[in-house]
Amino acid sequence: MAFKNLGSAGELFPQSVFIIGSYDQNGTPNAMNAAWAGECSRHEICVNIGNHKTTANIVARGAFTVAPADAAHVVEADYFGIASGNDTDKAAASGMTFTQSEFVDAPVIEEFPLTMECEVTAIQGDKQGARIVGRIVNTRVDESMLDEEGRVDFDKMRPIVYDSTRRIYRVVGEEVGQAWGAGMTLM
Ligand SMILES: Cc1cc2nc3c(=O)[nH]c(=O)nc-3n(C[C@H](O)[C@H](O)[C@H](O)COP(=O)(O)O)c2cc1C
């Protein structure tokens, strides 16, 4: 094998496509696309976020929602990442349906099948650029996306991931092994 050094390049794949829902101080809903984010425990989500309308919203309201974008809404998901709520009413322009979360001070987007509703527990940095941690207060899911055992079925949902090397979205691939199981043959 011959290896090439790529320098300080983040090449982790996949990166989930998080659609972050928030309200501004006037109650106007907004959504942005964030790929530099992740589940930092089973009950917490961390978002790395620059100086955006969403950042100021989350700092002001102390809450946000996270919907993993699905393949059926790739156009809207990308739109949320290229337009800013500072310039336009993205909720209205997207044609998607924003409603008040039952659990936190942030909007949910009805067309996304899965949404995690979060309250802010920590902010490192400030609204100029921050790493925001949210505790998941509730997760809601479209029942048609559940399997016969009541688990979220990602084959049905078809979440998309971001390929930052090619700057494209992909659907999540096929199952290739059992976690906490495949390695047992080496035990
Ligand atoms: C695929 C993709 C991933 C993105 N990931 C992030 C991210 O992780 N953090 C961030 O601050 N901005 C990210 N952005 C940029 C924001 O979504 C973009 O600046 C957006 O306009 C911010 O919206 P707002 O001003 O309405 O909050 C991403 C954009 C795209 C298209």
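The values are calculated or read from the model by the stated rules, or taken from the named source; none is laboratory data. Since this is a predicted model, take the numbers as computed values, not measurements. Every residue, glycine among them, receives a Cβ derived from its backbone with ideal geometry; neighbour counts consider all protein chains shown.
Tabulated data
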read-out: Answer from 24, 89 - the residue that is more than 9 Å from the ligand (Cβ to nearest atom) and surrounded by fewer than 14 Cβ atoms within 10 Å (Cβ to Cβ); value: 89
read-out: Tabulated pairs, region 40-54, first more than 16 Å from residue 19 (Cα to Cα), second at pLDDT 95 or above and of a type outside the set (Gly, Ala, Ser), C-beta under 9 angstrom, 6+ apart or interchain; value: 40/46; 40/133; 42/136; 43/135; 43/136
read-out: Selection status of residue 42, of a type in the set (Lys, Arg), buried (at least 17 other Cβ atoms within 10 Å of the Cβ) and more than 7 Å from the ligand (Cβ to nearest atom); value: no
read-out: Contacts under 9 angstrom Cβ, first residue in region 1-17 being in contact (Cβ under 8 Å) with a residue 12 or more places away in the chain and surrounded by 12 or more Cβ atoms within 10 Å (Cβ to Cβ), partner in a loop (DSSP other than H, G, I, E, B) and of a type in the set (Phe, Trp, Tyr), 6 or more apart; value: 15/36
read-out: For residue 144: the one exception among (1) surrounded by 15 or more Cβ atoms within 10 Å (Cβ to Cβ); (2) at pLDDT 95 or above; (3) not charged (D, E, K, R); value: (1)
read-out: The lone exception for residue 83 - which of (1) within 12 Å of the ligand (Cβ to nearest atom); (2) hydrophobic (A, V, I, L, M, F, W, C); (3) touching a residue at least 40 places away in the same chain (Cβ under 8 Å) it fails; value: (3)
read-out: Subset of region 87-136 (residues that are under 18 Å from residue 58 (Cβ atoms), small (Gly, Ala, Ser), at pLDDT 95 or above and not in a loop (DSSP other than H, G, I, E, B)); value: 91, 122, 134
read-out: Count of region 36-70 residues which are among the hydrophobic types (A, V, I, L, M, F, W, C) and in contact with a helix residue (DSSP H, G or I) (Cβ under 7 Å, 6 or more places away or on another chain); value: 3
read-out: Top-ranked residue of region 151-175 - restricted to ones that are in a strand (DSSP E or B) and of a type in the set (A, V, I, L, M), ranked as surrounded by the most Cβ atoms within 10 Å (Cβ to Cβ); value: 160
